[in-house]
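Accompanying notes for the structure given below.
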Amino acid sequence: MHDDKVRLRPVEERDLDALGRLDTDPDVSEPFEWKGFRDPHARRRRWEQDGYLGADDSLLVVALPDGTFAGIVVWRWLATSGPRGCVQIGILLFPEHRGKGLGTAAQRLLADYLFTTTLANRLEATTQIDNVAEQQALENAGFVREGMLRGRGFVGGRWRDGYIYARLRDDPVPDDRATRMPE
């Protein structure tokens with residue numbers, strides 16, 4: 001899965017050090033995602049278990065065309081009545097790769113991948129109210145803001161409000177011209 005900006009690929013052993021930055025370096029995920037230090041060895045254990053491609057949750061690397069590890073996309077199935085049809089997605093780009101349209105491209109590729117390879121009918125994403133860049137990326141990737149979630153996430157020592165976005169299988173495919181960077 002790729003376009004001219006990014007490609008999504010499974011985690012490889014050489015990626016484990018970069019993944020470890022998510023657990024040991026607050027600067028990687030601040031100001032919106034830092035949840036404190038985590039076991040730096042858990043990443044290797046998970047990779048050895050299933051390569052981060054689990055039945056209930058998964059992770060892919062967001063890589064630049066030259067192979068540079070730029071971040072991750074994740075998804076997990078949500079409990080619903082009937083068949084599994086609702087997936088929560090997320091993204092984290094390393095700070096040096098933000099603001100370049102990569103988030104939009106990666107989330108669009110992830111949506112295409114999930115709609116092509118699973119029975120998912122609904123993809124959901126949440127973001128903090130003050131994360132305007134992620135809101136724009138989601139909208140450019142074809143997601144629709146559905147509402148505000150009060151007290152949704154705990155980051156930086158306090159509960160924060162967020163927005164919920166969704167994209168349905170039958171929604172129109174977004175126009176990629178909306179996400180191209182100016183020449």
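Computed from the coordinates by the stated procedures, all read-outs in this text should not be read as laboratory data. Since the structure is predicted, the reported quantities are computational estimates derived from the model, not experimental observations. Cβ atoms come from the backbone with ideal geometry, glycine included; neighbour counts cover every protein chain shown.
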Helices (runs of 4 or more DSSP H) (entirely within segment 3-65) containing at least 2 residues that are without any contact (Cβ under 8 Å) to a residue 60 or more places away in the chain and closer than 27 Å to Arg152 by Cα: 16-24, 42-50
Wholly within segment 70-183, strands (runs of 3 or more DSSP E) carrying at least 3 residues that are surrounded by fewer than 20 Cβ atoms within 10 Å (Cβ to Cβ), free of Cβ contacts under 8 Å to residues at least 60 places away in the same chain and of a type outside the set (Lys, Arg): 86-93, 144-155, 158-168
Within segment 33-52, considering residues that are of a type in the set (A, V, I, L, M, F, W, C) and more than 15 Å from Leu16 (Cβ to Cβ), the one surrounded by the fewest Cβ atoms within 10 Å (Cβ to Cβ): Phe37
Verdict on Arg43 being touching a Leu at 6+ places or on another chain (Cβ under 6 Å), of a type in the set (D, E, K, R) and under 23 Å from Asp27 (Cα atoms): yes
Residue match in segment 60-79 (condition: under 19 Å from the mean Cα position of the chain (by Cα) and of a type in the set (S, T, N, Q)): yes
